[in-house]
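First comes the structure, then the notes that go with it.
The values are calculated or read from the model by the stated rules, or taken from the named source; none is laboratory data. Keep in mind the model is a prediction, meaning the values are calculated, not measured. Every residue, glycine among them, receives a Cβ derived from its backbone with ideal geometry; neighbour counts consider all protein chains shown.
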Amino acid sequence: MTERIDPTQLVSAIPVEKPKVEPMTRSEKLRHWAQLCRQAKHVIELEHSLEFWPIGRLQDPNIISHNSPLGIAAADPVFREQGLANKSATAIMGFFDISQSELHAFSCNCGGMIGREEIAARIEGLDYLSLGQKIRRAFARRFASR
């Protein structure tokens, strides 16, 4: 008598090499994140007093709302594939190479509620802001050495 083989056992026994994912640049990540916020179907929630959060709170992934810009980024499969570990503020700051004050600029409610388009524009603005900061630092170093 012939033994029947479950086809799922065959598939799971075959090693499948995962295709390599091309790493996104910081600019690409910020643009993608901004687009996710623009396309959100829900009201985006903002955090409270984010600029004053101590490191312990920044590291806690359970503090961040799923409907916040940080939660939106953490839920994105593209970002998870790129290496975003969790939705803690510190993981997101590291992944996007942004500071706590930059994070505060688009995800804190201290200035009142802002809409999806404004959140997205502020996220995109981080790329230009950082470029400006780099230019200022380069000039400062150059003229400091004279």
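As an exercise: evaluate LEU30 against (1) assigned to a helix (DSSP H, G or I); (2) out of contact with any Pro (no Cβ under 7 Å at 6 or more places or on another chain); (3) buried (at least 19 other Cβ atoms within 10 Å of the Cβ); (4) at pLDDT below 95 and give the number of the one condition it does not meet.
(4)
Restricting to segment 58-79, name every residue that is among the hydrophobic types (A, V, I, L, M, F, W, C) and closer than 18 Å to GLU124 by Cα.
LEU70, ILE72, ALA73, ALA74, VAL78, PHE79 - these are the residues of segment 58-79 that are among the hydrophobic types (A, V, I, L, M, F, W, C) and closer than 18 Å to GLU124 by Cα.
Tell me, which residue of segment 50-68 that is touching a His at 6+ places or on another chain (Cβ under 7 Å) and not acidic (Asp, Glu) is nearest to ILE114 (Cα to Cα)?
ASN67
Can you tell me how many residues in segment 37-88 are farther than 22 Å from SER99 by Cβ, assigned to a loop (DSSP other than H, G, I, E, B) and among the β-branched types (Val, Ile, Thr)?
Matching residues across segment 37-88 total 1.
Only residues that are in a helix (DSSP H, G or I), in contact with a helix residue (DSSP H, G or I) (Cβ under 8 Å, 6 or more places away or on another chain) and surrounded by fewer than 19 Cβ atoms within 10 Å (Cβ to Cβ): list them for segment 91-102, please.
Hits for segment 91-102 are MET93, GLN100, SER101.
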